[in-house]
Every structure is written in C-alpha cells, then in structure tokens.
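For reference, the structure is listed below as structure tokens.
The values are calculated or read from the model by the stated rules, or taken from the named source; none is laboratory data. In this text, all values refer to a predicted model and were calculated from it rather than measured experimentally. In this analysis, Cβ positions are derived from the backbone assuming ideal geometry, glycine residues included, and neighbour counts consider all displayed protein chains. For accessibility, only protein heavy atoms count, side chains too; no ligands or nucleic acids. Shrake-Rupley method; radii C 1.70, N 1.55, O 1.52, S 1.80 Å.
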There are 2 protein chains.
Amino acid sequence: MTITAGKFISLEGIEGAGKSTLARALQVALRSHGLPVVLTREPGGTVLAERLRAIVLERAGEHINAGAETLIMFAARAIHLDNLIRPALAAGSWVICDRFTDATRAYQGAGRGVRAELIDSLAAAVHADLWPHRTLVLDLPVEQGMRRVRQRQATGDRFEDEDVRFFERVRSCYLSLAATEATRIQMIDATLAPELVAQNAMAAIRDMLPAGHL
Amino acid sequence: MTITAGKFISLEGIEGAGKSTLARALQVALRSHGLPVVLTREPGGTVLAERLRAIVLERAGEHINAGAETLIMFAARAIHLDNLIRPALAAGSWVICDRFTDATRAYQGAGRGVRAELIDSLAAAVHADLWPHRTLVLDLPVEQGMRRVRQRQATGDRFEDEDVRFFERVRSCYLSLAATEATRIQMIDATLAPELVAQNAMAAIRDMLPAGHL
C-alpha cells in the first residue's frame, strides 16, 4: 500500500493542449498556498525512465510495435513510481504529472489498438495501489492542437507524426474515460486563454486543498 | 504467424555455464554444413534492445523492481523479434540466441518471484506465434558457475551480484522447465570440457539439420 500524505494529480490531453503550461501555473498557484509541489512527466521523470522515454519517442531505424511500446511505458512508470512519485507523496509533496496511465489507454489503447485487457492487467501489476487523486483532461479539437504543435517546433516525435484520425481516437478515449470515471477525471476546456485554463483547473482541484485554503 | 524457413535455437543456463563459448562453436559447426547462422543474445540483439539491456543490467542509483525488469525484458524481446529474429528466420538463417523467454521464467520468475501468470501472458502477447524450435540448457552446479564468472571478471552486473540461493532457484527452474517441455528443451552437462559440450549440443540438434547432413 502506498502512503500518500501528498496529492497526486495527472494532466492529460492531446498534443498542443497546453499541459506543460498548465503544470507550471498549478505549481505557482499551489506554492502560493505554501504547498510543496513536484512537477514531473511520463514517460520519464527519472534518469532511467527518461532513457526509456528516448527509446520510445525518437524516430529510430528499428520498428517498435504497439505492444513493446506499451511495455516500455509501464516499465518507465514503475521506475518513476518507485523512485520519484511514491517517495514524493510519502514526504507530503503534491505531485503534478504530465501524463499517466490514462495516456497509455488513450494512445496505445485507442490510438494503436492495444487490447484494453492487457493495459488494465499491466496497470494492476504496476500500480494497483496508486492512481492519481485527480486527473485533468485538457480538451480541444485535434486540428487546433496540431496547429499549436506546428507553430512551436519544426519536427515532432514518433507520436506527433500520427495523423488526425489517430488523435481523434485519442481524444474520444479521454472523453469516454472522463464519462466512466467522473469523480477522478475532470474535463478542462483547453481552447481558452492559458490564464483561464489555469483558473478552471484550480477550481477543479480546490476541494483537495487542506482546510483553510479554499 | 511467423514464417520460419530457418531454425531458432536458444541457449540457457546460469552465469558461467558456457553459453557464449557454445554459441560460437555451434556457429562454426553449422556453417561447416553450409548453413547460414546468426548469433544473437537477450536482452539485446539490436541497437534499441541493447539500450534496454544496459538499463536493466547496469547498477544504477535508481531502483528497478522485478515487475519493471520483466516488462523491459519483454519489450526488448519484441524489438529483437521484429527487427532481427523473425527477418533472419524468414530469410532461411538459423538463429542461435543466448537466452530467451525461459530465462525470464527462471530469473524474473523463479529468481525474483514475479508471478508465472504475468510472464505467461506477456509471452503470449509478444510471441505466441514463435518459440525456439530447440532450447539447450547448459547445466552445472551453481558454485562451479560462480567460480568461472569470478575468474573472468572483477565486477559483475546486477544479476551476477545475486547470491547462491538465487541461482539455485534459477537452476531448479530450468530443470523443471526441461522436465515439462522435454521435446523442446534439452539438458546439456556443462561441467564437461567445451569441446564435449559442443559435441553433445550438436547431437541434441542433429535431427533439425536438413536431410543429407546427418
């Protein structure tokens, strides 16, 4: 059983949804309440997990099939949990993580067709004891997300190479997860200005703040 | 379904059993029959899979739990199969692989206590269509293997750090797998001189040679 004195929040959404910007804004806002905050991301977050991230994201000459990609995501997650997330939560920090297992469901599951049963059994094996206390899905139309990505960089990674239909499947999966797990997963309109997104995100986690911080 | 014009042989055994020496001897012997042979190893065998090998074998500051280790082994295996083993077999080569899924059963399963059901379900997900045509387990007492390893190198990897009881569990698992899958898995006495080990190994795969090569 994982001891969680701190709170664990994951941010999800398609490319260009504004997760990194929101993560920094939440960090500032939570710290203004005197709360310790660790920002991290998946795949990655620790030295070894970032090495797994590089293998799975870069465009290599070798083929990585969807099953192998899924195994690497969960291996990186196990390392991330053991070496960063669980210790930070046990120490009382809030952990804000850019992507977690919902991303594996959306990208490898809905996007690439990996069976949901395989993903569920891996999630159970790796972190049955610990899911994010709250997950914020930054939602926006796929075309808008892709436009933002093109504006900020010339070349993408293996995922940013995917076409519109792939990201439509990813977005639909997030919407359906939010419908199924309405308590944990909150949708945030990511078409709004970054300050409004941050305000709405804070409103969606306000009930998790310690008493006296509302 | 994997097309296998060539034959797939895996070599198994504890540290110091003589797998690498035998692999080279088998390569020479099979080539003397005019057969194309690819030598490879797990975890590893391709550029990306060798990067996964480095992550799992080196002594890093970060903790890698047995489940994560198992996922990395199967991810490396999937990459190895797609990018080297299946193409080589389809092209008619013999593939001699230093370790395969039986090693995951023995080391992560029996050695580290990962549930057999998880290993079996990952094996089914990654290579239900393809198991080695023959597996040779080089068997010798654990103390003798450890003595050989100490003679050839000053420092070991994460596995060579394990104690005698760990390798006793690994060895027992190999013996029990050989009893269960007697057709595929053949035991070879690895306490003998390398030339005798190679002769016995060739005898154990002679029935796989093309007609006229007996």
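For this structure, a couple of remarks:
- Scanning the range A:78-125 for residues that are away from chain B (no Cβ under 14 Å) and either of a type in the set (Asp, Glu) or in contact with a Cys (Cβ under 9 Å, 6 or more places away or on another chain) (or both) yields A:Asp98, A:Asp102, A:Arg105, A:Ala106, A:Tyr107, A:Ala110, A:Gly111.
- Count - residues of the range A:197-214 that are surrounded by 13 or more Cβ atoms within 10 Å (Cβ to Cβ) and farther than 18 Å from A:Gly6 by Cβ: 4
- Test: residue in the range A:190-204 that is within 15 Å of A:Val28 (Cα to Cα), touching a strand residue (DSSP E or B) at 6+ places or on another chain (Cβ under 8 Å), of a type outside the set (A, V, I, L, M) and not in a loop (DSSP other than H, G, I, E, B): yes
- When each of B:Asp120, B:Asp189, B:Asp139 is tested for being open to solvent by 60 Å² or more (accessible area, probe 1.4 Å), modelled with pLDDT of 95 or more and within 13 Å of B:Ala17 (Cβ to Cβ), the lone residue that passes is B:Asp189.
- Extreme residue, nearest to the chain's Cα centre (by Cα), among residues of the range B:169-186 that are hydrophobic (A, V, I, L, M, F, W, C) and open to solvent by 70 Å² or more (accessible area, probe 1.4 Å): B:Leu175
- Pairs meeting the criteria (first residue in the range B:98-113 and more than 16 Å from B:Val137 (Cα to Cα), second residue among the small types (Gly, Ala, Ser) and assigned to a helix (DSSP H, G or I), beta carbons under 6 Å, at least 6 apart or on different chains) are B:Gln108/B:Ala66; B:Gly109/B:Ala116; B:Arg112/B:Ala66.
- Residue in the range A:106-117 that is at pLDDT below 95, hydrophobic (A, V, I, L, M, F, W, C) and closer than 20 Å to A:Ala76 by Cβ present: no
- Of the residues making up the range A:56-68, those that are of a type outside the set (A, V, I, L, M) and more than 8 Å from chain B (Cβ to nearest Cβ) are A:Glu58, A:Arg59.
- Residue check for B:Arg53: farther than 17 Å from B:Phe100 by Cα and more than 11 Å from chain A (Cβ to nearest Cβ): no
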